[in-house]
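Let me begin by presenting the structure, written as structure tokens, before commenting on it.
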Amino acid sequence: MNIYPAILSDSIHEVESQLEIAQSLDGVEVVQVDVLDGRFADNLTVTPTDMVNLNLDSLQLDFHLMVEEPLDFVHEILDCQSHLPIRGVIAHIERMSNQQEYLNLVIDNKMKAGLSLDLYTPLEEIEEESFNKIELIQLMGVEAGFQDQQFQQSIYDKIQQLINMKLSRSLDFELIVDGGVKEELLGKFSLLGVDSVAIGSWLWKNENPQQVVDAVINQEKAVTR
């Protein structure tokens, strides 16, 4: 599995500190930055514009948009694209006015296009046409908006349903699980076929963040033996 440190903060200084930690971790290449507008959930964070002067070193960024209208923030991201190493944009479908317009805008600007589904959002909310465009699908294991929540095992069925759909229809996307990820969940994720995990609290609160990265890598090795 890939491991993506998840940064969710309203403090640019904390973002900078966590980026420095991520840069020091062997096995980390992409960081996921959560963007909240205070309307999708009662929480505010830094925006893409706030990050243009930060040192990203060799890291790439995925922006995870938990916002009222993702298209507005995609335009902000495009304004920053020449200053930031942006790999992809993952936006929640719950407040999205037009899935196809969003996906086309991201793809046309050479970024990976992703959709995120909140804890209780069914897979049926993904439009059929979207499956031919999506490179990233993110399933939330908690209600989106805050870190340090407990993973809800009810999404195992959704993960399995999505994996079955991927295999039976020969779809090509990266499946990411975000929210409440802990070490004891990694074996189940690997067996189900999860490609990547976005990890926040478990990583940032660990005295040795490299141990968290190694746990994901070692779990993957154990499954592939």
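Data overview
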read-out: Test: residue in segment 132-148 that is part of a helix (DSSP H, G or I) and modelled with pLDDT of 95 or more; value: no
read-out: Of all residues making up segment 68-107, the number that are in contact with a Leu (Cβ under 8 Å, 6 or more places away or on another chain) and of a type in the set (Lys, Arg); value: 1
read-out: Residues that are under 13 Å from THR47 (Cβ atoms) and either touching a Gly at 6+ places or on another chain (Cβ under 7 Å) or surrounded by 17 or more Cβ atoms within 10 Å (Cβ to Cβ) (or both), drawn from segment 79-88; value: CYS80, LEU84
read-out: Qualifying residue in segment 33-48 (condition: touching a helix residue (DSSP H, G or I) at 6+ places or on another chain (Cβ under 6 Å), in contact (Cβ under 8 Å) with a residue 24 or more places away in the chain and assigned to a loop (DSSP other than H, G, I, E, B)); value: yes
read-out: Test set (1) closer than 28 Å to ASN208 by Cα; (2) more than 19 Å from the chain's Cα centre (by Cα); (3) acidic (Asp, Glu) - ASP79 fails condition number; value: (1)
read-out: Options SER130, SER170; residue that is out of contact with any helix residue (DSSP H, G or I) (no Cβ under 6 Å at 6 or more places or on another chain), more than 21 Å from ILE21 (Cβ to Cβ) and small (Gly, Ala, Ser); value: SER170
read-out: The lone exception for PHE73 - which of (1) under 21 Å from HIS13 (Cβ atoms); (2) in contact with a strand residue (DSSP E or B) (Cβ under 6 Å, 6 or more places away or on another chain); (3) assigned to a helix (DSSP H, G or I) it fails; value: (1)
read-out: Filter result (among the polar types (S, T, N, Q), surrounded by 14 or more Cβ atoms within 10 Å (Cβ to Cβ) and assigned to a loop (DSSP other than H, G, I, E, B)) within segment 93-122; value: ASN109, THR121
read-out: Qualifying residue in segment 4-16 (condition: part of a loop (DSSP other than H, G, I, E, B), closer than 22 Å to VAL197 by Cα, in contact (Cβ under 8 Å) with a residue 24 or more places away in the chain and touching a His at 6+ places or on another chain (Cβ under 9 Å)); value: yes
read-out: Leading residue by the ranking (surrounded by the fewest Cβ atoms within 10 Å (Cβ to Cβ)) among those in segment 158-171 that are assigned to a helix (DSSP H, G or I) and of a type in the set (Lys, Arg); value: LYS166
read-out: Residue selected from segment 181-195 under the condition outside any helix (DSSP H, G or I) and surrounded by fewer than 21 Cβ atoms within 10 Å (Cβ to Cβ), by the criterion nearest to the chain's Cα centre (by Cα); value: ASP195
read-out: Verdict on VAL142 being under 28 Å from SER17 (Cβ atoms), aliphatic (A, V, I, L, M) and in contact with a strand residue (DSSP E or B) (Cβ under 6 Å, 6 or more places away or on another chain); value: no
read-out: Residues (surrounded by fewer than 21 Cβ atoms within 10 Å (Cβ to Cβ), in contact with a helix residue (DSSP H, G or I) (Cβ under 9 Å, 6 or more places away or on another chain) and modelled with pLDDT of 95 or more) located in segment 55-70; value: LEU59
read-out: Residue count, segment 134-157 (criterion: surrounded by 19 or more Cβ atoms within 10 Å (Cβ to Cβ) and either in contact (Cβ under 8 Å) with a residue 40 or more places away in the chain or of a type in the set (Asp, Glu) (or both)); value: 6
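The values are calculated or read from the model by the stated rules, or taken from the named source; none is laboratory data. As the structure is a prediction and not an experimental result, all values here were calculated from the model. Every residue, glycine among them, receives a Cβ derived from its backbone with ideal geometry; neighbour counts consider all protein chains shown.
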